[in-house]
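The values are calculated or read from the model by the stated rules, or taken from the named source; none is laboratory data. Because the structure is predicted, anything quoted here is derived from the model rather than measured. Cβ atoms come from the backbone with ideal geometry, glycine included; neighbour counts cover every protein chain shown. Heavy atoms of the whole protein, side chains included, go into the accessibility calculation; ligands, DNA and RNA do not. Shrake-Rupley method; radii C 1.70, N 1.55, O 1.52, S 1.80 Å.
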Amino acid sequence: MATDIVEIVRNDDRHRYDLTFGGERAGFAQYRLEDGAIVFTHTVVLPEFEGRGLGSKLARTALDDAVARGERIVPECPFIVAYLRRHEEYEASVDWP
């Protein structure tokens, strides 16, 4: 169903990954770039979109993109920290603050 389409796009101008669900803005993962590293600072899934696994999809997409780009991951955002603690496959790319 088209209304269930999840789209996640890296928006370098706004320093975030934008999440849409069914064509509606559903959240974002904010970051800043520092010397070959991407520092994740804040993640939001709007309340009306919670409980659908969208935060995990957003985190996975953003982290996979960072790894593919060769960026070191620095998690400051509590949501990204929690996601990384549950998904050890990213450990080789993480610089814990």
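Gyration tensor analysis over the Cα atoms of the chain returns equivalent ellipsoid semi-axes of 23, 14, 12 Å (largest first, whole Å). Across the options LEU46, GLY23, ILE5, the greatest Cα extent toward the positive end of the charge dipole of the chain (unit charges at beta carbon of Lys, Arg, Asp, Glu) belongs to LEU46. Entry comment: accessible area of the chain is 57 Å² per residue, from protein heavy atoms only and a probe of 1.4 Å.
For VAL9, VAL74, the ranking by accessible surface with the largest value first comes to VAL9, VAL74, using a 1.4 Å probe. Its relative contact order, with pairs defined as Cα atoms under 8 Å and 6+ residues apart, puts the chain at 21 percent. Tell me which residues come under 5 Å, amide H to amide H, from VAL94 once H is placed; ignore anything under 5 positions away on its chain. Here ILE73 satisfy the definition. Ranking ARG72, ARG10 from most to least accessible surface, computed with a 1.4 Å probe over the protein chains only, gives ARG72, ARG10. Helix content alone sets the calculated 222 nm mean residue ellipticity of the chain: runs of n ≥ 4 DSSP H residues at -39500 (n - 2.57) each, divided across all residues, give -7500 deg cm²/dmol. Just checking the listed ones, PHE28, PHE49, PHE40: in the Gaussian network model of the chain with Cα springs under 10 Å, the one fluctuating most is PHE49. For the chain, the longest principal axis of the C-alpha atoms and the axis of helix 54-68 are separated by about 40°.
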